[in-house]
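Colleague: Below is the structure I would like to discuss, written out as structure tokens.
The values are calculated or read from the model by the stated rules, or taken from the named source; none is laboratory data. Here the structure is a predicted model, which is why all the values come from computation and not from measurement. Please note: Cβ atoms are built from the backbone with ideal geometry, for glycine as well, and neighbour counts cover all protein chains shown.
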Amino acid sequence: MSRKSLLKVENLTFKYGAEPPVLKNISLDIAGGECIAVIGQNGAGKTTLAKHFNGMLKPVSGKFYVGGKDTGQLKVSVLARTVGYVFQNPDHQIFHDTVAKEVAFGLKNFQLPNELITARVAAALEAVGLTAHHATYPFNLSKGQRQRVALASVLALQTEVIILDEPTTGQDYRESMQIMNLVKQLHQNGHTVIFITHDMSLVAEFAQRAVVLCDGKILADGGVRSVFSQPELLQKTFLKPPQITALAQSLNGYAVPPDILKVEEMYELLKTRGEEIGCFN
Amino acid sequence: MTLLKIENLAFSYPQSKEPALKNINLTIKKGDFTGITGPTGAGKSTLAYCLNGIIPHFQGGKLEGRISLRGESLFALGTAQISRMVGSVFQDPDAQIISTDVEQEVAFGPENLGFSPEKIEQRITGALKLTGISGLRHRPTAVLSGGQKQRLAIAAALAVLPEILLLDEPASELDPAGTEEIFQVLKKLNRKHGITIIIIEQKTEQLAAYANRIVVLNEGAVVMDDAPRQVFSQLQALKDAGVRIPQVAGLAGMIGINNRPPLPLTVEEARGFVERILRR
């Protein structure tokens with residue numbers, strides 16, 4: 001995958017009507033193939049920013065480019081071929097009377113041949129574990145399952161960029177991991193993935209880069225390790241690094257690095273250190 | 001003192017082949033802070049519906065067994081009586097809050113119980129103070145943050161002075177700050193005011209830090225029921241039940257806790273645990 005700039009936000013400001021601006025002079029450059037987490041407290045502007053990525057919202061001032069094209073001139077229907085968007089609330093998205101029809105909807109709009117639509121729907125439903133529910137009325141499913149229907153609808157489009165707004169909210173642990181492993185796979189297959197989440201352990205495990213929003217501005221933007229090593233900065237938007245990172249940071253008197261992201265990393269470090277001093281079994 | 005006793009409770013929804021709850025037995029003591037967790041479909045919400053009267057009063061199905069509150073059978077009581085004893089808070093505050101301003105929302109319960117204006121005023125003031133939102137009393141509910149809305153839902157439930165506060169994933173739609181806000185309020189209600197708390201939650205790091213007892217449900221049955229340190233030290237059983245393991249407990253489990261008790265449940269505890277290794 002090329003590391004060329006794919007999505008470019010330049011001095012973007014957005015406000016809803018006469019309200020004060022929700023996004024203030026945001027600039028962001030996203031290369032093809034990146035996996036980015038957008039974090040920040042409720043009301044920081046995460047969803048508003050994400051909605052610019054597929055043209056649902058247009059900047060009040062500033063520019064947003066996809067593949068070098070100014071999206072100010074592009075219709076949502078054109079952008080939809082490049083950017084897929086999974087809403088936080090699946091009920092804002094689902095409207096068909098069977099799961100399969102719902103997933104096929106976007107593909108029909110793309111005017112793909114029927115055989116291809118059938119194959120893509122089947123593959124997407126399999127990926128989210130809903131094959132058995134292809135003929136089910138979506139509103140008879142649980143909310144977690146409906147969230148996966150929404151995800152399958154976007155997966156089926158195979159867009160270059162996939163945006164997921166809080167994809168694991170309302171899911172149990174196993175379902176969250178299933179969804180995030182799917183996200184990981186998409187990233188590995190070359191898609192550019194941007195997800196919004198409040199779960200910092202998911203950011204640590206699945207994202208490469210974190211964009212921290214606070215009060216409509218970018219507070220930090222960088223590698224996940226470097227962002228999570230700045231707890232004072234995260235505190236400004238009422239976020240805390242994952243437990244294991246916080247633990248590492250509380251042990252700085254013992255030369256433990258402050259950017260440990262996973263339990264396994266901490267375990268390996270303690271194992272090495274423990275063996276050196278002969279107290280690990 | 002035993003407050004709530006659930007005996008051989010089973011429930012099946014109409015037209016469903018598998019029972020949602022199978023032979024549940026639980027005893028809750030006054031002042032317990034019980035966290036209930038488990039995967040989707042484990043029966044957590046169904047259990048909550050049995051405790052707040054939605055089953056059998058609004059949701060039909062096949063119900064067996066017995067729940068007693070202070071020795072009285074819960075199923076024999078009407079919803080009005082149950083609502084005075086069990087205050088409920090649900091996942092989505094917008095689906096629960098019915099009033100346009102904070103004061104009216106909290107007044108709703110006591111007004112319906114026919115209290116005098118003085119008593120209603122007392123209850124409003126008390127409930128707002130307990131949940132730390134006295135300053136929001138005259139705000140429209142629509143402008144509150146997610147965490148504030150859930151604190152309002154808790155205040156409204158508290159205004160009728162229930163024996164038990166029952167919460168079904170109250171923090172699932174909140175950001176980390178809102179989640180912490182809710183658990184701090186629950187801790188204060190429990191520790192300082194002795195209110196018995198039953199909370200269904202996926203956020204096990206918070207349950208580990210705040211609850212004194214954890215019940216894990218899976219496929220309609222209780223599979224674990226113990227103090228958090230005991231429950232979160234059984235890594236394999238938790239994995240099998242699809243329960244998220246708090247990171248610090250997972251770390252301690254990998255290191256092996258047999259010769260290094262107790263199991264850490266919070267970052268502070270884990271720090272002590274790791275320091276003991278690094279200091280030797």
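Colleague: Inspect segment B:154-172 for any residue being of a type in the set (S, T, N, Q), surrounded by fewer than 22 Cβ atoms within 10 Å (Cβ to Cβ) and out of contact with any Cys (no Cβ under 6 Å at 6 or more places or on another chain) and give the result as yes or no.
Modeller: yes
Colleague: Related question: Would you point out which residue out of B:Glu173, B:Glu180 is in a helix (DSSP H, G or I) and within 14 Å of another protein chain (Cβ to nearest Cβ)?
Modeller: After applying the criteria, what remains is B:Glu180.
Colleague: Restricted to segment A:17-30, and to residues that are in contact with a Ser or Thr (Cβ under 8 Å, 6 or more places away or on another chain) and touching a residue at least 60 places away in the same chain (Cβ under 8 Å), which residue is surrounded by the fewest Cβ atoms within 10 Å (Cβ to Cβ)? Steps first, answer last, please.
Modeller: Initially, segment A:17-30 is screened for residues in contact with a Ser or Thr (Cβ under 8 Å, 6 or more places away or on another chain), giving A:21-26, A:29-30.
Going one step further and asking which of them are touching a residue at least 60 places away in the same chain (Cβ under 8 Å), we end up with A:21-26, A:30.
Values: A:Pro21: 17, A:Val22: 19, A:Leu23: 25, A:Lys24: 17, A:Asn25: 14, A:Ile26: 24, A:Ile30: 19.
Going through the qualifying residues, I end up with A:Asn25.
Colleague: Shifting gears a bit: Determine whether B:Ile277 is touching a helix residue (DSSP H, G or I) at 6+ places or on another chain (Cβ under 6 Å) and outside any helix (DSSP H, G or I).
Modeller: No: the conditions fail for B:Ile277.
Colleague: Something else about it: Scan segment B:225-245 residue by residue and report those that are of a type outside the set (S, T, N, Q) and closer than 10 Å to B:Arg213 by Cα.
Modeller: B:Asp225, B:Asp226, B:Ala227, B:Pro228, B:Arg229, B:Val231
Colleague: Shifting gears a bit: Working only within segment B:224-256, note down all residues that are under 18 Å from the mean Cα position of the chain (by Cα) and surrounded by fewer than 19 Cβ atoms within 10 Å (Cβ to Cβ).
Modeller: B:Asp225, B:Asp226, B:Ala227
Colleague: If we keep just the residues of segment A:257-278 that are surrounded by 15 or more Cβ atoms within 10 Å (Cβ to Cβ) and either at the interface with chain B (Cβ under 8 Å from one of its Cβ atoms) or in a helix (DSSP H, G or I) (or both), which is modelled with the lowest pLDDT?
Modeller: Checking each candidate, the answer is A:Gly274.
Colleague: Report, by residue number, each residue of segment A:150-176 that is hydroxyl-bearing (Ser, Thr, Tyr), under 15 Å from the mean Cα position of the chain (by Cα) and assigned to a helix (DSSP H, G or I).
Modeller: Scanning segment A:150-176 gives a single hit, A:Ser176.
Colleague: Can you tell me which of B:Ile214, B:Ile245 is in contact with a helix residue (DSSP H, G or I) (Cβ under 6 Å, 6 or more places away or on another chain), away from chain A (no Cβ under 11 Å) and at pLDDT 95 or above?
Modeller: Exactly one of B:Ile214, B:Ile245 is in contact with a helix residue (DSSP H, G or I) (Cβ under 6 Å, 6 or more places away or on another chain), away from chain A (no Cβ under 11 Å) and at pLDDT 95 or above, namely B:Ile214.
Colleague: Quick one: which strands (runs of 3 or more DSSP E) lie wholly within segment B:1-47 and hold at least 3 residues that are at pLDDT 95 or above, over 14 Å from the mean Cα position of the chain (by Cα) and within 17 Å of B:Asn218 (Cα to Cα)?
Modeller: The qualifying strands (runs of 3 or more DSSP E) are B:2-12, B:21-29.
Colleague: Something else now. Could you identify the single residue in A:Leu57, A:Leu107 that is in contact (Cβ under 8 Å) with a residue 24 or more places away in the chain and either over 21 Å from A:Gln158 (Cβ atoms) or part of a strand (DSSP E or B) (or both)?
Modeller: A:Leu57
Colleague: Shifting gears a bit: Kindly indicate whether A:Thr71 is at pLDDT 90 or above and not acidic (Asp, Glu).
Modeller: no
Colleague: Out of all the residues in segment A:186-209, which are more than 14 Å from chain B (Cβ to nearest Cβ) and either more than 13 Å from the chain's Cα centre (by Cα) or under 26 Å from A:Thr13 (Cβ atoms) (or both)?
Modeller: A:Gln188, A:Asn189, A:Gly190, A:Thr192, A:Val193, A:Ile194, A:Phe195, A:Ala207, A:Arg209
Colleague: Here are B:Gln96, B:Gln104: which of them is within 23 Å of B:Asn190 (Cα to Cα) and either among the polar types (S, T, N, Q) or within 25 Å of the chain's Cα centre (by Cα) (or both)?
Modeller: None of the others qualify; the one that does is B:Gln96.
Colleague: Tell me which residues, restricted to segment A:216-240, are facing another protein chain (nearest Cβ under 10 Å) and closer than 16 Å to A:Leu202 by Cβ.
Modeller: Across segment A:216-240, the qualifying residues are A:Leu234, A:Leu239, A:Lys240.
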